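What follows is a single structure, written as structure tokens, with notes after it.
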Amino acid sequence: MTKFRIEKDSMGELEVPQNALYGAQTQRAVNNFKISHTPMPEAFIRSLIQIKSAAATANANLNGIEQETADAIKQACANLLKDNNLMLHFPVDVYQTGSGTSTNMNANEVIANLASKQSDLRIHPNDHVNFGQSSNDVIPTCIHVSASLAIHKKLKPSLIHLAKSIDEKSATLSGYCKTGRTHLMDAMPIRMDQSMSAWSAQIRQQISHLNSLQNAIQSLVLGGTAVGTGINSHSGFADEFSKILSQDTGISFVKTDNFFAGIAAQDTAVSLSGLSKSIAVTFMKIANDLRWMNSGPLAGLGEIALPALQPGSSIMPGKVNPVIPEAVAMVSAQVIGNDAAITVGGQSGNFELNVMLPMIALNLLSSIELLSNAAMSLADNAIRDFEVNHENLEKPLHKNPILVTALNPIIGYSKAAEIAKQAYKEKRPIIDVAAENTDIPRAKLSELLDPMKLTKNES
């Protein structure tokens with residue numbers, strides 16, 4: 001049976017598990033918020049611990065707390081970050097008070113308890129670990145810090161890897177020409193490398209957009225405390241904290257230009273979520289293109305064969321499905337849904353505080369994680385090793401009546417349309433019908449209607 005100890009806070013006494021590092025306020029939150037049984041993301045908790053460590057150093061440098069107190073807090077934070085069972089100490093449900101106060105106090109209590117045990121000092125969760133801070137500036141700061149770390153460590157490297165993989169694959173496919181499609185209908189020819197270059201350009205554009213948001217994401221509100229006025233915080237704390245956190249993480253963080261906006265609103269998180277949605281839309285396009293090109297293999301387009309990764313049916317032997325593009329498409333759908341929730345959350349800045357911070361953090365970090373992993377899977381398990389079915393590309397290519405578009409400048413749109421309709425009706429190659437209905441020599445038609453040449457604008 002679980003053994004308990006008695007803990008006391010401003011509201012009275014209650015039982016806390018004997019071996020728990022957290023205290024009364026965390027236990028109250030555990031008792032109150034039995035909603036999703038989902039704690040805050042580990043990436044968020046790790047960033048929160050890093051914030052507490054940097055804050056202790058800043059406060060000691062500014063003579064807000066004793067140096068030995070700061071050292072004990074920093075050591076406790078370092079030990080927590082090395083703890084393989086870290087999340088056992090952070091049980092508070094995501095769906096809690098909208099400021100994230102319960103999670104902030106969870107961290108304050110755990111760090112204070114551990115610091116006290118590992119030193120001869122009495123470290124207080126509010127008076128020392130939370131000195132010069134409020135949940136109202138800690139949690140928004142943690143959203144920015146955790147998102148920045150996730151972008152730098154995972155999302156951007158994953159997107160760069162995906163773009164590079166697309167470029168490397170497309171460089172091997174410049175000799176393949178296929179029927180282009182608009183409205184899912186036959187259109188003018190396009191080379192495989194040209195088609196794939198669109199994917200790469202989309203990904204690189206998204207990376208560029210991420211870079212443009214970097215300054216906003218790396219601007220922090222810690223130092224604004226309760227409502228943005230900085231009450232109970234040293235006037236130099238925000239700058240000192242940002243400098244130390246930058247040294248600790250290797251990412252350049254700065255004090256925000258306006259504490260009031262950063263605490264009352266979550267506009268930057270909403271913008272980052274919107275960009276995550278945009279990346280998801282790009283992924284959906286690439287995934288669906290791959291699925292269409294891979295469709296068949298007999299009754300579909302069958303232009304490529306994706307790597308066969310697993311059996312595709314529990315009843316149909318030999319069936320293989322495009323599992324990676326399907327998984328990526330589901331990721332895209334989820335990220336788009338996350339963005340809808342974050343958009344609503346962003347609207348919940350009531351006067352001086354946004355009150356949907358934990359939900360925003362959960363969904364934002366989830367989107368970044370999903371997109372990072374999906375990018376790697378798409379690159380390594382789908383794009384890198386798919387094979388081109390050259391015969392299936394060639395078969396419809398020269399019969400495509402839309403090739404007659406190349407004759408527009410010579411015979412006019414109306415005459416070209418007549419030739420195209422006849423070719424469709426009689427199911428004949430366009431060159432044969434054009435030879436019968438124009439004065440252009442067949443040799444010249446062969447040159448004008450060469451699909452590969454039509455992929456190059458040499459006029």
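Residue under question is D167, and the condition is that it be among the acidic types (D, E) and modelled with pLDDT of 95 or more; does it hold? Criteria met by D167. For segment 321-407, the helices (runs of 4 or more DSSP H) that sit wholly inside it and include 1 or more residues that are of a type in the set (G, A, S), under 25 Å from D289 (Cβ atoms) and not assigned by TED's automatic domain parsing to the domain that holds L445 are 323-346, 357-378. S134 meets each of the listed conditions (1) small (G, A, S); (2) under 29 Å from S367 (Cβ atoms); (3) in contact with a helix residue (DSSP H, G or I) (Cβ under 7 Å, 6 or more places away or on another chain); (4) in contact (Cβ under 8 Å) with a residue 40 or more places away in the chain apart from (3).
Restrict the check to segment 335-346 and report whether at least one residue is buried (at least 17 other Cβ atoms within 10 Å of the Cβ), of a type in the set (D, E, K, R) and modelled with pLDDT under 95. No; the residues of segment 335-346 include none that is buried (at least 17 other Cβ atoms within 10 Å of the Cβ), of a type in the set (D, E, K, R) and modelled with pLDDT under 95. Among helices (runs of 4 or more DSSP H) entirely within segment 37-155, having at least 3 residues that are in the same structural domain as S276 (by TED's automatic domain parsing) singles out 135-150. On the basis of being of a type outside the set (S, T, Y) and closer than 22 Å to V355 by Cα, does I73 make the cut? Considered against the rule, which asks whether it is of a type outside the set (S, T, Y) and closer than 22 Å to V355 by Cα, I73 comes out as no.
Only one of A265, A226, A216 is of a type in the set (A, V, I, L, M) and touching a Gly at 6+ places or on another chain (Cβ under 6 Å). Can you tell me which?
A265
Counting only helices (runs of 4 or more DSSP H) that sit wholly inside segment 210-306, those with at least 1 residues that are of a type in the set (G, A, S) and closer than 30 Å to E387 by Cα are 267-294.
The values are calculated or read from the model by the stated rules, or taken from the named source; none is laboratory data. Note that the coordinates shown come from a computational prediction; the quantities given were computed from them, not determined experimentally. Note that we place each Cβ from the backbone using ideal geometry, even for glycine, and neighbour counts take in every protein chain shown.
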